[in-house]
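Visitor: Below: one structure in structure tokens.
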Amino acid sequence: MTQFAKISNEEFLNLLASDAPAPGGGGASAMAGALAAALSSMVGNLTTGKEKFADVEETIKELVMEADLLRGKLLQCADDDAMVFESFMACYKMPKNTDEEKAARTQAIRNAAKKAASIPLEIARASFSVLKISVEMANLGNPNVITDATCSAILANAALKCASYNVFVNLGLTKDEAFNDAVRKEIEDMQQESAILEEKVLQRTHEVIG
């Protein structure tokens, strides 16, 4: 399987645009979240080492480390999402000639659907964490690059929203209402808070740039 982090941007976009079923929305969400994380790291790296920001240097360095880890996680999620999708599709090719085979196939589809929902859920969680970092970067980082923190926040929130729909599309197949309800609640809570956080970054940005 292709490791998306190892190929060029053009190759990834060509794959995304092709008739191949993966990468799709999940992979695109993960990449958007990774871009957001990279932008937050950029703001941090353009803040540290400057006397003007010495009082927040250690905090910024910690935020950069966290953003870098999240970027790596999101890149891995792009690969995982494609792999899980292929496994999911394989379930539909399972034999269904007998009642036992039909039951096994149905259960395999339900299990795969739960896994297929879990990966974009991880993308949403990681993107939400990136968004929280972008808020800190907007408040503490070098104001000369505040619009990069703004872009980070907007991309992270978009990644969260897109990943959420890739979760929802799989929940109907799990037939596990307890799991589905818990996931929907978690996503709803993240989306509500993320809207507030993005607005805070926008307000801070307008304060800085006028």
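Visitor: Is it the case, given these coordinates, that I187 is crowded, with 20+ Cβ neighbours inside 10 Å and either in contact (Cβ under 8 Å) with a residue 40 or more places away in the chain or basic (K, R) (or both)? Before the answer, list the steps.
Guide: On the way: crowded, with 20+ Cβ neighbours inside 10 Å: yes; either in contact (Cβ under 8 Å) with a residue 40 or more places away in the chain or basic (K, R) (or both): yes.
Judged against the criteria, I187 is a match.
Visitor: I've got another one for you. Pairs please, first residue from segment 76-89 and more than 19 Å from A34 (Cα to Cα) and of a type in the set (A, V, I, L, M), second anywhere and assigned to a helix (DSSP H, G or I) and open to solvent by less than 20 Å² (accessible area, probe 1.4 Å), Cβ atoms under 7 Å, 6+ apart in sequence or on different chains.
Guide: V84/A116; V84/I119
Visitor: Now for a different question. Go through the residues of segment 2-10 one by one and say whether even a single one is assigned to a helix (DSSP H, G or I), under 21 Å from P143 (Cβ atoms) and of a type in the set (K, R).
Guide: no
Visitor: Go through (1) without any contact (Cβ under 8 Å) to a residue 40 or more places away in the chain; (2) closer than 19 Å to Q191 by Cβ and name the single condition K102 misses.
Guide: (2)
Visitor: How many residues, within segment 147-179, are open to solvent by less than 40 Å² (accessible area, probe 1.4 Å), modelled with pLDDT of 95 or more and more than 15 Å from the chain's Cα centre (by Cα)?
Guide: 3
Visitor: Taking segment 42-51, which residues are touching a residue at least 24 places away in the same chain (Cβ under 8 Å) and surrounded by fewer than 24 Cβ atoms within 10 Å (Cβ to Cβ)?
Guide: Looking only at segment 42-51, we keep the residues that are touching a residue at least 24 places away in the same chain (Cβ under 8 Å), and these are 42-44, 46-47, 50.
Passing the criteria: M42, L46, K50.
Visitor: Here's a follow-up. Just give me the residues in segment 1-41 being touching a residue at least 60 places away in the same chain (Cβ under 8 Å), open to solvent by 80 Å² or more (accessible area, probe 1.4 Å) and within 20 Å of the chain's Cα centre (by Cα), in sequence order.
Guide: Hits for segment 1-41 are Q3, P21, L35.
Visitor: Kindly establish whether M137 is open to solvent by less than 80 Å² (accessible area, probe 1.4 Å) and outside any helix (DSSP H, G or I).
Guide: No.
Visitor: Related question: Name every residue in segment 58-74 that is crowded, with 17+ Cβ neighbours inside 10 Å and more than 27 Å from F4 (Cα to Cα), in order of residue number.
Guide: Scanning segment 58-74 gives a single hit, I60.
Visitor: Here is a check on your reading of the model: is T205 open to solvent by less than 50 Å² (accessible area, probe 1.4 Å), farther than 30 Å from K114 by Cβ and not hydrophobic (A, V, I, L, M, F, W, C)?
Guide: Numbers: open to solvent by less than 50 Å² (accessible area, probe 1.4 Å): yes; farther than 30 Å from K114 by Cβ: yes; not hydrophobic (A, V, I, L, M, F, W, C): yes.
In short, yes.
Visitor: Considering only residues of segment 53-106 that are among the charged types (D, E, K, R) and not in a helix (DSSP H, G or I), which is farthest from the chain's Cα centre (by Cα)?
Guide: Ranking the qualifying residues of segment 53-106, first place goes to K96.
The values are calculated or read from the model by the stated rules, or taken from the named source; none is laboratory data. Treat the numbers as computed from the prediction; the structure is a model and nothing was measured. Note that each Cβ is placed from the backbone with ideal geometry, even for glycine, and that neighbours are counted across all protein chains shown. All accessible areas refer to the heavy atoms of the entire protein, side chains included, with ligands and DNA or RNA removed. Shrake-Rupley method; radii C 1.70, N 1.55, O 1.52, S 1.80 Å.
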